[in-house]
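**Q** Got a structure for you, written out below as structure tokens; questions coming shortly.
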Amino acid sequence: TTRDYWVALPQNYDDEGGKYVMLYISSADSTTAYVAIQGDTTALTVVPGRPSIYNVPLTWEIKTSDVVENKGIHVWSDDAALFVDVNQHQSYTSDATYVIPSIGWGTSYIVASYTSYYAPIQGYNFDLPSEFVVLANQDGTRIDITPTVDLRGDLDTVVAHPKGVPFTIQLDAGQTLQCKVVHATDSNIDLTGTRIVSSKPIGVIGASQCANIPYNFPFCDYICEMLPPTRTWGTSYYTAPLAGRKGGDTYLVIGSTPGQTITRRDTTGTTIFATLANKYDHYFRHDVATPGSWTSTDPFLLVQYSNSATWPDFVNGNYDPFMMTINAINHFETPVIFNVLGAGGNQAPYVWHASIV
């Protein structure tokens with residue numbers, strides 16, 4: 001059922017005031033939802049048509065790298081299906097993600113993220129790395145990770161796990177591990193394409209602490225998304241442009257077979273979006289500005305990103321980066337519940353858009 005959820009919190013940008021983390025829990029039925037962190041359980045009344053909100057203590061944000069911690073957040077109902085979002089808000093850098101229910105987890109993942117912040121042309125050398133979190137809900141879960149770039153341990157410049165070399169960890173129920181790349185020295189320090197294989201189903205969240213998208217266009221923003229396992233990837237998708245953007249949106253495709261071709265069709269016709277030479281190769285494009293359908297003979301992952309505010313002409317606009325995975329059409333269902341995120345404190349209200357395809 002979709003009554004059981006687990007999630008964890010990759011590291012957002014450093015706290016500059018106004019940081020909060022909110023869980024939004026909705027249901028089509030009246031129910032009681034429970035939120036447990038390290039055995040401390042809170043009961044929330046949930047009624048149809050209005051999300052219930054749980055404020056997660058900021059101490060549950062994961063700030064370490066290559067350290068096993070007990071920072072899994074468990075959400076469930078005993079008698080009703082739930083819909084769960086988490087919003088990691090910071091004054092200038094925020095993103096939210098839909099939480100994949102534990103029944104939707106798998107044992108094979110390819111990480112989608114984005115390159116670390118890298119802006120020497122602007123005179124900045126901040127350490128804002130590409131990262132991901134793995135999360136277990138069963139004891140004795142073995143996880144094998146093959147990173148696409150060097151991973152750090154305690155120190156940002158010291159390699160704990162080299163690029164391309166598999167390593168193994170073990171997690172028990174409720175345990176997490178965050179992996180961060182070493183301090184960026186170029187614009188390609190990106191965990192996208194990292195392979196994760198586990199002995200039991202796990203959750204994976206891809207993130208980047210403050211990414212420029214594309215890397216040389218300010219302004220950066222925290223991005224995160226809970227990722228679907230390879231077993232749920234599809235062969236057909238529909239997408240719509242994000243409202244109010246200029247110059248289009250960024251899309252990422254990750255293939256599942258060698259020599260895979262992914263095509264895209266819009267009002268101008270059908271074109272090849274990418275041909276991927278190897279299994280699990282990936283490709284980014286930053287300027288897709290029209291509604292379209294995406295197809296391939298084999299499953300693939302499709303991720304949509306909001307570009308930085310100065311894209312494409314270095315004139316400051318209205319929006320900063322975020323990321324979201326796109327559901328394949330074989331996962332369309334009805335009814336649909338979505339949560340509108342509310343503003344906290346003296347924060348200006350969010351601007352809301354719903355794209356329906």
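The values are calculated or read from the model by the stated rules, or taken from the named source; none is laboratory data. Predicted model only: the values in this text are computed from it and were never measured. Ideal geometry is used to build each Cβ from the backbone, glycine not excepted, and the neighbour counts take in all protein chains shown. Please note that ligands, DNA and RNA were not included when accessible areas were found on the heavy atoms of the full protein model with its side chains. Shrake-Rupley method; radii C 1.70, N 1.55, O 1.52, S 1.80 Å.
**Q** Tell me, please, whether a residue that is touching a helix residue (DSSP H, G or I) at 6+ places or on another chain (Cβ under 8 Å) and at pLDDT 95 or above can be found in region 126-140.
**A** There is at least one residue in region 126-140 that is touching a helix residue (DSSP H, G or I) at 6+ places or on another chain (Cβ under 8 Å) and at pLDDT 95 or above.
**Q** What are the residues in region 29-48 that are polar (S, T, N, Q), open to solvent by 20 Å² or more (accessible area, probe 1.4 Å) and without any contact (Cβ under 8 Å) to a residue 60 or more places away in the chain, if any?
**A** Answer for region 29-48, where residues must be polar (S, T, N, Q), open to solvent by 20 Å² or more (accessible area, probe 1.4 Å) and without any contact (Cβ under 8 Å) to a residue 60 or more places away in the chain: Ser30, Thr32, Thr41, Thr42, Thr45.
**Q** Within region 11-35, track down each residue that is within 22 Å of the chain's Cα centre (by Cα) and either small (Gly, Ala, Ser) or part of a strand (DSSP E or B) (or both).
**A** Once the filter is applied, which keeps residues that are within 22 Å of the chain's Cα centre (by Cα) and either small (Gly, Ala, Ser) or part of a strand (DSSP E or B) (or both), region 11-35 yields Gly18, Tyr20, Val21, Met22, Leu23, Tyr24, Ile25, Ser26, Val35.
**Q** Within region 198-253, count every residue that is in contact with a helix residue (DSSP H, G or I) (Cβ under 6 Å, 6 or more places away or on another chain) and open to solvent by 10 Å² or more (accessible area, probe 1.4 Å).
**A** So the count comes out to 1.
**Q** In region 313-342, how many residues are more than 21 Å from the chain's Cα centre (by Cα) and within 27 Å of Asn216 (Cβ to Cβ)?
**A** Number satisfying all stated conditions: 6.
**Q** Oh, and also: Report, by residue number, each residue of region 71-93 that is farther than 15 Å from Ile53 by Cα and open to solvent by less than 20 Å² (accessible area, probe 1.4 Å).
**A** Gly72, Ala80, Gln90, Thr93, listed by residue number.
**Q** Would you please name the residue that is farthest from Val35 (Cα to Cα), looking only at residues in region 171-191 that are of a type in the set (S, T, N, Q) and surrounded by 15 or more Cβ atoms within 10 Å (Cβ to Cβ)?
**A** So the residue we want is Ser187.
**Q** A further question on this structure: Return only the number of the condition from (1) within 20 Å of the chain's Cα centre (by Cα); (2) among the β-branched types (Val, Ile, Thr); (3) surrounded by 18 or more Cβ atoms within 10 Å (Cβ to Cβ) that Thr2 does not satisfy.
**A** Thr2 satisfies every listed condition except (3).
**Q** Also, I was wondering about something else. Would you check if Ser26 is polar (S, T, N, Q), surrounded by 15 or more Cβ atoms within 10 Å (Cβ to Cβ) and either without any contact (Cβ under 8 Å) to a residue 24 or more places away in the chain or closer than 18 Å to Trp76 by Cβ (or both)?
**A** Considered against the rule, which asks whether it is polar (S, T, N, Q), surrounded by 15 or more Cβ atoms within 10 Å (Cβ to Cβ) and either without any contact (Cβ under 8 Å) to a residue 24 or more places away in the chain or closer than 18 Å to Trp76 by Cβ (or both), Ser26 comes out as yes.
**Q** Any residue at all in region 229-242 that's among the hydrophobic types (A, V, I, L, M, F, W, C), closer than 29 Å to Asp14 by Cβ and under 21 Å from the mean Cα position of the chain (by Cα)?
**A** Yes, the conditions are met somewhere in region 229-242.
**Q** Could I ask something else about it? Using the structure shown, decide if Ser306 is of a type in the set (Ser, Thr, Tyr), closer than 29 Å to Ile103 by Cα and either open to solvent by 30 Å² or more (accessible area, probe 1.4 Å) or more than 17 Å from the chain's Cα centre (by Cα) (or both).
**A** no
**Q** Shifting gears a bit: Give the residue that is surrounded by the most Cβ atoms within 10 Å (Cβ to Cβ), with candidates limited to residues of region 106-138 that are more than 14 Å from the chain's Cα centre (by Cα), among the hydrophobic types (A, V, I, L, M, F, W, C) and not in a helix (DSSP H, G or I).
**A** In this case the residue turns out to be Ala136.
**Q** Let me ask another. Out of all the residues in region 1-56, which are in contact with an Asp or Glu (Cβ under 6 Å, 6 or more places away or on another chain) and among the aromatic types (Phe, Trp, Tyr)?
**A** The one that is in contact with an Asp or Glu (Cβ under 6 Å, 6 or more places away or on another chain) and among the aromatic types (Phe, Trp, Tyr): Tyr24.
**Q** Being small (Gly, Ala, Ser) and over 20 Å from the mean Cα position of the chain (by Cα) is the filter here, so list the residues in region 343-355 that pass it.
**A** Passing the criteria: Ala343, Gly344, Gly345, Ala348.
**Q** Taking Tyr20 as the residue in question, decide whether it is within 24 Å of Gly345 (Cα to Cα), without any contact (Cβ under 8 Å) to a residue 40 or more places away in the chain and among the aromatic types (Phe, Trp, Tyr).
**A** Spelling it out, it is not the case that Tyr20 is within 24 Å of Gly345 (Cα to Cα), without any contact (Cβ under 8 Å) to a residue 40 or more places away in the chain and among the aromatic types (Phe, Trp, Tyr).
**Q** May I ask you to list the residues in region 264-285 that are in contact (Cβ under 8 Å) with a residue 24 or more places away in the chain, surrounded by fewer than 19 Cβ atoms within 10 Å (Cβ to Cβ) and either under 13 Å from Thr192 (Cβ atoms) or within 24 Å of the chain's Cα centre (by Cα) (or both)?
**A** Lys279, Tyr283, Phe284, Arg285
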